[in-house]
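Worksheet: the structure to be examined is printed underneath.
The values are calculated or read from the model by the stated rules, or taken from the named source; none is laboratory data. Quantities reported herein were computed from a predicted structural model and do not represent experimental measurements. FYI the Cβ positions are ideal-geometry reconstructions off the backbone, even for glycines, and counts take in every protein chain you see. Only protein heavy atoms, including side chains, enter the accessible area calculation; ligands, DNA and RNA are left aside. Shrake-Rupley method; radii C 1.70, N 1.55, O 1.52, S 1.80 Å.
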Amino acid sequence: MLIYKNTFDNVKTINCNFPIEDQFYADDIQAIVADGITRDPIGVLDLSSCSFEEMLQKYPRPSGAELAAKEIVTTFSKSSGSLKERLIKCNNSVKKLNDKYIKKCDYLQNDYYGAVASCVSIKNDILYYAYICDCGVIVYNELGKVRFQTRNDKQQDSDKYIKNIGIPWNLPESRVIIRRDYRNNLDNIVNGKCVSYGALTGEKQAEEFIRIGSLSLNKGDIIVVYSDGFMNFLHDNSFINHILNFNKDEFEQYVEKKSNTDYDKYGKEKTIILLKYL
């Protein structure tokens, strides 16, 4: 049963007419969250050269991240097949967007539109899940104990290598290297292991980064589908208590209060879908 679904704004961009780059779709037996990949501001190469206010002003509207995320959830909601097959269809839909809007990818202002995503479906007491990159799925039992959580592939496979590039993110050279060499690049091998991360950018290689699996459900299990903005909430006792004893107003007050305590950990745009297996 669907309990709740919502996107919470980035606390720094509320009331700024900023694009909503998280998107979602859910009903009682299936759900998807798509998190659009943040775009570069128009005409800015060194991101440290302008203020946050100027960055907001120069941020593209419409945003390719928002368009990609919307395309993904729309395609998912209208498609059939396995979850992996549906995410492949979503990736193909993003390719059509990029064929239309990105004539030549430069991995900067004209980077591919894209998003990461996680999704679930429930059938015959089985939870099926699929995800790419750092959107995820977590399952709690009726007492709030974690039964299962998907892996954060980017954090565990790529981030330590990205941090060792030695060029600050604000410089264009760094962003090109990360997006070109670490995203959907199957040839980026270190010690026999691919250290790239995946994203639904329309590139064929993205299909190889879609992870799938299944889990037997028990009565009372709570399934959470989330974008990475919720990552640091998921093991907080207050968060778990709120979803076990769910009240919409109290939950939203908790999230909004927590979001303002530490921007980097809690304050960015984030989406959550809660389902309870009865």
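Details
- Taking a quarter of the surface of the Cα convex hull of the stretch 141-229 gives a mean projected area of 8.0 nm².
- Degrees between helix 172-181 axis and first principal axis of the chain (Cα, 0 to 90, nearest 10): 60 degrees
- Rounded to 10°, Cα long-axis angle of helix 248-259 versus longest principal axis of the chain: 40 degrees
- For the chain, the residue among SER227, ILE132, SER51 whose Cα projects farthest onto the positive side of the dipole built from Cβ charges is ILE132.
- Debye, to nearest 20: dipole size of the chain, +1 on Lys, Arg Cβ, -1 on Asp, Glu Cβ: 580 debye
- Listed pairs LYS58/LYS84; LYS96/LYS160; LYS5/LYS145; LYS70/LYS100; LYS70/LYS193 exceeding 26 Å between Cα atoms: LYS58/LYS84; LYS96/LYS160; LYS70/LYS193
- Sparsely packed loop sites in the stretch 178-278 (the trypsin sites (Lys or Arg not before Pro) outside DSSP H, G, I, E and B with at most 10 other Cβ atoms within 10 Å) comprise LYS219.
- Residue-normalised accessible area of the chain, expressed per residue, 1.4 Å probe, Å²: 48 Å²
- Rounded to the nearest 5, the antiparallel percentage of DSSP beta bridges internal to the stretch 114-199 is 90%.
- Accessible-area composition of the chain, carbon plus sulfur, in percent [1.4 Å probe]: 47 percent
- Karplus (6.51, -1.76, 1.60) ³J(HN,Hα), θ = phi - 60°, over the stretch 5-13, in Hz, Gly and Pro reported as x: 8, 5, 10, 9, 5, 4, 5, 8, 10
- Each of MET1, ALA26, GLY36 was placed along the dipole of the stretch 1-41 (beta-carbon charges, centred on the mean Cα), and the one lying farthest toward the positive end is GLY36.
- Check: the stretch 213-254 dipole with +1 on Lys, Arg Cβ and -1 on Asp, Glu Cβ, in debye: 200 debye
- Projected label distance in nm at ARG61 and ASP125, using a 7 Å step from Cα toward the beta-carbon: 5.2 nm
- Taking the chain and dividing mean pair separation by its residue count, relative contact order in percent (alpha carbons under 8 Å, at least six apart): 26 percent
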